[in-house]
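A.B. asks: Dropping a structure here in structure tokens format, bear with me for questions.
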């Protein structure tokens, strides 16, 4: 089974290309014959508008309006998603400067998708792609579920995608700095689009995401709380200029993969005891690729012979580690490297309510040196009243791994949905969520579709 999962996750990591050919029925002035105002996305360079009897993934699969490579592997088999949500979809992009060639001709900067359900509840949910996936990556994780509740939905590919995203920009750290800028850009444009389409601005705007888009959620609520009413952060990576960050633990994982470190070294770096059964898979798919790709963003001069993910490699070598990364010592790297990380680092100074979820068996972003630390940062900034943190026992970085280890893991998605429900009750009805803590793994029941925060 591993080869197929590897192929699936590799293709999901690559840039998702979707053309701008018409799909479904063209939508001009409104939805459902209600005469709503003409659709416009401020700042968009390209725009394709289509009307659908159902905006959810099950109906859009196989059309240019979603891409299975973007969301493959993120949910467990048997996950039940709603369907039957009519409305309008807008696919487009915001321009880049300097202009970069798009995979299928033309130019683009940041690809986005906006979905406008007929039965709008007055809210907007904004997200970004996890990993280096495309703008449809959160379709099965977030879009289907929030659309069924009546929310408008907007997602971005963060402005650069695929294993070579580090090549974007002109100075160290630019590629990740663009992610934050693109999330802000989409939020503002989506709020204006919703206001024009429905006739009034969204009453509530929520930011959410998993992995890299969990980081986006944290950064947006720290830096642009005026745009949002709250957010749900699902295992966002922690960036701090003096650590912890990816470079304080991933080199040890690469060293172990190459036979230069042992299990005790892994524990000392922050990897959780009990995740050992997941290490072979992460050696094959995640650790080497992640370390060399992000190292190329912040420290491009470290190893000219291995400048990033795919430079000088065959497709089969993209996932392989650079041997030099086994000895990468972030603490000893020049001040300029730390300054580049500082440009995109987190502070814990959130300005709106936020719920954080993280699996205790995450073998890519170890919980003890990631979200545990971030929760303390929030507390140190005096923002605990705005934060809840739930450690999901048995959760790992992607729910798709539950299918291989159903006896040891649990999907986090059901707890994520419970968290989003708790957030909206917190924001809109002042109902306090449960106290922060560890959510025990149930011994029985439908772990794929049921979850709570207690």
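A.B. asks: What tally of residues in segment 146-172 results from selecting those that are in contact with a helix residue (DSSP H, G or I) (Cβ under 6 Å, 6 or more places away or on another chain), surrounded by fewer than 24 Cβ atoms within 10 Å (Cβ to Cβ) and within 30 Å of residue 82 (Cβ to Cβ)?
C.D. replies: Within segment 146-172, residues that are in contact with a helix residue (DSSP H, G or I) (Cβ under 6 Å, 6 or more places away or on another chain), surrounded by fewer than 24 Cβ atoms within 10 Å (Cβ to Cβ) and within 30 Å of residue 82 (Cβ to Cβ) number 0.
A.B. asks: Hey, another quick one. Could you please give the count of residues in segment 136-156 that are under 19 Å from residue 227 (Cβ atoms), under 16 Å from the mean Cα position of the chain (by Cα) and in a loop (DSSP other than H, G, I, E, B)?
C.D. replies: Summing the residues that are under 19 Å from residue 227 (Cβ atoms), under 16 Å from the mean Cα position of the chain (by Cα) and in a loop (DSSP other than H, G, I, E, B) in segment 136-156 gives 1.
A.B. asks: Among the residues of segment 350-359, is any out of contact with any helix residue (DSSP H, G or I) (no Cβ under 6 Å at 6 or more places or on another chain) and part of a helix (DSSP H, G or I)?
C.D. replies: No, segment 350-359 contains no residue that is out of contact with any helix residue (DSSP H, G or I) (no Cβ under 6 Å at 6 or more places or on another chain) and part of a helix (DSSP H, G or I).
A.B. asks: Hey, does segment 366-377 have a residue that's buried (at least 22 other Cβ atoms within 10 Å of the Cβ) and touching a helix residue (DSSP H, G or I) at 6+ places or on another chain (Cβ under 6 Å)?
C.D. replies: no
A.B. asks: OK, next. So residue 402 passes all but one of these: (1) more than 26 Å from residue 230 (Cβ to Cβ); (2) in contact (Cβ under 8 Å) with a residue 12 or more places away in the chain; (3) more than 22 Å from the chain's Cα centre (by Cα). Which condition number does it fail?
C.D. replies: For residue 402, the failing item is (3).
A.B. asks: Considering only segment 270-343, give the helices (runs of 4 or more DSSP H) lying wholly within it that have at least 2 residues that are within 29 Å of residue 361 (Cβ to Cβ) and modelled with pLDDT of 95 or more.
C.D. replies: Helices (runs of 4 or more DSSP H) meeting the threshold: 279-285, 287-298.
A.B. asks: Considering segment 380-423 alone, what residues qualify as being assigned to a loop (DSSP other than H, G, I, E, B) and either within 19 Å of residue 438 (Cβ to Cβ) or in contact with a helix residue (DSSP H, G or I) (Cβ under 6 Å, 6 or more places away or on another chain) (or both)?
C.D. replies: If the condition is that a residue be assigned to a loop (DSSP other than H, G, I, E, B) and either within 19 Å of residue 438 (Cβ to Cβ) or in contact with a helix residue (DSSP H, G or I) (Cβ under 6 Å, 6 or more places away or on another chain) (or both), then 393, 394, 395, 396, 397, 408, 409, 410, 411, 412 are the ones that fit.
A.B. asks: Filter segment 48-64 for residues that are in contact (Cβ under 8 Å) with a residue 40 or more places away in the chain and more than 23 Å from the chain's Cα centre (by Cα); which is farthest from residue 94 (Cα to Cα)?
C.D. replies: That would be 50.
A.B. asks: In addition: Hey, among 51, 111, 115, which residue is more than 23 Å from residue 188 (Cβ to Cβ) and either at pLDDT 60 or above or in a helix (DSSP H, G or I) (or both)?
C.D. replies: Of the residues listed, the single one that is more than 23 Å from residue 188 (Cβ to Cβ) and either at pLDDT 60 or above or in a helix (DSSP H, G or I) (or both) is 51.
A.B. asks: Return only the number of the condition from (1) under 22 Å from the mean Cα position of the chain (by Cα); (2) in a helix (DSSP H, G or I); (3) crowded, with 21+ Cβ neighbours inside 10 Å that residue 181 does not satisfy.
C.D. replies: (3)
A.B. asks: As an exercise: evaluate residue 439 against (1) in contact with a strand residue (DSSP E or B) (Cβ under 8 Å, 6 or more places away or on another chain); (2) surrounded by fewer than 17 Cβ atoms within 10 Å (Cβ to Cβ) and give the number of the one condition it does not meet.
C.D. replies: Answer for residue 439: the failing condition is (2).
The values are calculated or read from the model by the stated rules, or taken from the named source; none is laboratory data. Predicted model, so just to flag it, every value in this text is computed and none were measured. Methodologically, a virtual Cβ is constructed for each residue, glycine included, from the backbone with ideal geometry; neighbour enumeration extends over all protein chains shown.
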